[in-house]
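The values are calculated or read from the model by the stated rules, or taken from the named source; none is laboratory data. This one's a predicted model, so the numbers in the text were calculated from it and none came from an experiment. Reconstructed Cβ throughout: ideal geometry from the backbone, glycine too, with neighbour counts over all protein chains shown. For the accessible areas, the whole protein counts, side chains as well, though only heavy atoms, and no ligand, DNA or RNA atoms are used. Shrake-Rupley method; radii C 1.70, N 1.55, O 1.52, S 1.80 Å.
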Amino acid sequence: MESDWQQELTRLEGLHLRRSLQTLTSCKGPIIGLENGRSLINVASNDYLDFAQDPLLREAAQQAVGEHGVGSGSSRLICGTTGPHVALEEALAAFKGTETALTFSSGYAAAMGLGTAILDKGTVVLLDKLCHASLIDACRLSGATLRVFRHNDLEKLEALLAWARRKFPPSTEVVIVTESVFSMDGDCAPLAEMVALKERYSARMVVDEAHAIGVLGEGGRGLASKLGLTDRIEIHMGTMSKAIGVSGGYLAGSTALRDLLVNKARSFIYSTAPPPALAATATVALEHLQGPVGDNRRARLWALAEAMAAGLDLPVPQSAILPMLVGEASAALALAAQLREEGYFVPAIRYPTVARGQARLRFTVTAAHSHTQIDELVSAVLRCRQLAHEESS
Ligand SMILES: *Cc1c(COP(=O)(O)O)cnc(C)c1O
């Protein structure tokens, strides 16, 4: 057994696909400390609005722990639902413009809940090829008939909708699953066109706004809100672990959706409720995210993202995620290692997170960065890229 495990690890190593954990010893704004005593500028975080370390939220969390303690002691359905959980769900529903919202211990758990409560063997799911692993796992877990369409390809999507309506009885539930901002490409789904197709074929739709919340739309409400589509999308999904800066996931929609999730989402039912103090902190974060603090940081974030994209000659950013395609996993790793020498922490994203031959550096800009840091980063990337180019030719 042990030797099989070792063999598999060696195989991954040979493919440049072995991963390992790295411990941060400190985190101050965009500067992270490593165990070897070095510090690097972090260009990998999803903490887009610099909320995770914010003094305002530290204070809110400390006060909430004082009031509610550290744990919840039970699942939500037994005796784990507290005032802060209900308040957060009301705040999320108001933020998203939906009737209700239900929180989970993570975005991953929210996706799993969807998989057991809303999708089943009788459902046909049409999934964008670049959707996050949590959505893929949820669809598989559900036993639904799953078809994947090429990323953002409306023609392929329509062909699949037509196929599903031809092949299955009219009462069959057909569900389109997409993200609004894609986590590894940083681009947006053509949501308006997708919603129109969905309606034409009487399907339903799940939109995961994990990377859009806090970044896109008025008050950071996301892409569906920005495009005025909220009421036409049945299931809104997101996480509180990115721009909101805390932890936990949510699903938002109608009262019937929430009630069904409470009854059938196994990741909700069979898991201890998130700490009430965490819920209280997320509620405060959500208020700041929609208010002047959020507005200022969003403006700063967009200015930085635009400067960085221009400096690296990348397309105009649609989010805070700026991928730079490299190609082979080994080349992406080498470039990331060089940038690390220069003082920057940026991950090389490889198969299976992205397709083979599409390895990339994934930069994320946050409101914690300064313009000088981004300018210097751009120079370093150009320098390292040039060096790699010279070495390979
Ligand atoms: C991060 C992410 C999730 C998972 O959220 P967690 O709260 O980190 O579990 C789900 N979907 C997408 C698109 C994500 O990027």
Counting only residues in region 157-191 that are modelled with pLDDT of 95 or more and among the acidic types (Asp, Glu), the one nearest to the chain's Cα centre (by Cα) is identified as GLU179
Return yes or no: is ILE321 aliphatic (A, V, I, L, M), modelled with pLDDT of 95 or more and under 21 Å from ARG38 (Cα atoms)? no
By residue number, the members of region 123-142 that are in a loop (DSSP other than H, G, I, E, B) and either near the ligand (Cβ under 10 Å from one of its atoms) or charged (D, E, K, R) (or both) are LYS129, LEU130, CYS131, HIS132
Exception for LEU229 within (1) free of Cβ contacts under 8 Å to residues at least 40 places away in the same chain; (2) open to solvent by 20 Å² or more (accessible area, probe 1.4 Å) falls at (2)
Of ALA87, ALA64, the only residue that is surrounded by 20 or more Cβ atoms within 10 Å (Cβ to Cβ) and over 28 Å from SER171 (Cα atoms) is ALA64
The condition from (1) under 21 Å from MET237 (Cα atoms); (2) among the polar types (S, T, N, Q); (3) at pLDDT below 95 that ASN36 misses is numbered (1)
Per the filter on region 153-189, residues assigned to a loop (DSSP other than H, G, I, E, B) and more than 16 Å from the ligand (Cβ to nearest atom) are ASP153, PHE168, PRO169, PRO170, SER171, THR172, GLU173
Note on VAL293: of the conditions (1) of a type in the set (Val, Ile, Thr); (2) more than 15 Å from the ligand (Cβ to nearest atom); (3) closer than 27 Å to ALA109 by Cα, unmet is (3)
Filtering region 354-370 for residues that are open to solvent by 30 Å² or more (accessible area, probe 1.4 Å) and either small (Gly, Ala, Ser) or under 16 Å from LEU322 (Cα atoms) (or both) leaves a count of 4
If we keep only residues of region 93-108 that are more than 7 Å from the ligand (Cβ to nearest atom) and within 15 Å of the chain's Cα centre (by Cα), then the residue surrounded by the most Cβ atoms within 10 Å (Cβ to Cβ) is PHE104
Filtering region 197-221 for residues that are more than 12 Å from the ligand (Cβ to nearest atom) and either open to solvent by 40 Å² or more (accessible area, probe 1.4 Å) or not hydrophobic (A, V, I, L, M, F, W, C) (or both) leaves a count of 12
The number of residues in region 143-152 that are open to solvent by 50 Å² or more (accessible area, probe 1.4 Å) and outside any loop (DSSP other than H, G, I, E, B) is 2
Here is a check on your reading of the model: is THR116 in contact (Cβ under 8 Å) with a residue 60 or more places away in the chain and either farther than 23 Å from ILE244 by Cα or open to solvent by 70 Å² or more (accessible area, probe 1.4 Å) (or both)? yes
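Across region 287-334, what is the total count of residues that are in a helix (DSSP H, G or I) and open to solvent by less than 10 Å² (accessible area, probe 1.4 Å)?
To start, the set of residues in region 287-334 that are in a helix (DSSP H, G or I) comprises 287-290, 292-312, 329-334.
Adding the requirement that they be open to solvent by less than 10 Å² (accessible area, probe 1.4 Å) leaves 289, 294, 301, 304-305, 308-309, 312, 332.
Within region 287-334, residues that are in a helix (DSSP H, G or I) and open to solvent by less than 10 Å² (accessible area, probe 1.4 Å) number 9.
Give me the strands (runs of 3 or more DSSP E) completely within region 192-265, filtered to those with at least 1 residues that are at pLDDT 95 or above and in contact with a Phe, Trp or Tyr (Cβ under 8 Å, 6 or more places away or on another chain), ordered by residue number. I'd like the intermediate steps shown before the answer.
Values: elements: 204-208, 235-239, 249-253.
It comes to 235-239, 249-253.
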Output yes when any residue across region 229-246 is basic (Lys, Arg) and within 11 Å of the ligand (Cβ to nearest atom), and no when none is. yes
